[in-house]
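The values are calculated or read from the model by the stated rules, or taken from the named source; none is laboratory data. Remember, predicted model here, so these are calculated numbers, not experimental data. Here the Cβ is made from the backbone with ideal geometry for all residues, glycine too, and neighbour counts use every protein chain on show. Surface areas here come from the heavy atoms of the whole protein model, side chains and all, with no ligands, DNA or RNA. Shrake-Rupley method; radii C 1.70, N 1.55, O 1.52, S 1.80 Å.
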Amino acid sequence: MRIGELAERTGVSVRSLRYYEAKGMLGAERTSGGQREYPESAVARVLRIREMFAAGIGSDTVSQLLPCIHDEDGTPNERATPFLVDKLAEERRRIDQAMTDLHRAGAVLDEILRAAGGAQPEQ
């Protein structure tokens, strides 16, 4: 598929897709005219990249992580180096802490809403 179709199917801008390619996170074949052509698996890869970015994982770590997972289902393969395992464990601890902080902040907001007039927060 061409870059425009990949952008449309994933909700990611063409500019972002070019960035992903420049950072080594996404690969494309080139036509004789120089246009990018992506395999179907690129859709899952781009969505996975977006998930990682949404979790606050930086592009350098994502670039290292992607070769360690299967595009089709996100399951790990055997390419993870000890350095990467340590880096990913650090990221996981950071994400866990962020989730704890978000839950605490949500609980405080719930209390304020109840005190301000009995508003019931959506769960």
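Key figures for this structure:
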quantity	calculated
Listing of helices (runs of 4 or more DSSP H) fully contained in segment 18-123 that carry 3 or more residues being open to solvent by 50 Å² or more (accessible area, probe 1.4 Å)	41-54, 82-115
Answer from 36, 30 - the residue that is at pLDDT 90 or above, touching a helix residue (DSSP H, G or I) at 6+ places or on another chain (Cβ under 8 Å), within 23 Å of residue 5 (Cβ to Cβ) and not small (Gly, Ala, Ser)	36
Enumeration of residues in segment 40-59 that are touching a residue at least 24 places away in the same chain (Cβ under 8 Å), within 26 Å of residue 1 (Cα to Cα) and not basic (Lys, Arg)	40, 41, 42, 43, 44, 46, 47, 49, 59
Every residue from segment 1-17 that is surrounded by fewer than 15 Cβ atoms within 10 Å (Cβ to Cβ) and either part of a loop (DSSP other than H, G, I, E, B) or on the phi > 0 side of the Ramachandran plot (or both)	2, 11, 13
Pairs, first free of Cβ contacts under 8 Å to residues at least 24 places away in the same chain in segment 11-29, second assigned to a helix (DSSP H, G or I) and surrounded by fewer than 13 Cβ atoms within 10 Å (Cβ to Cβ), C-beta under 7 Å, six or more apart	14/4
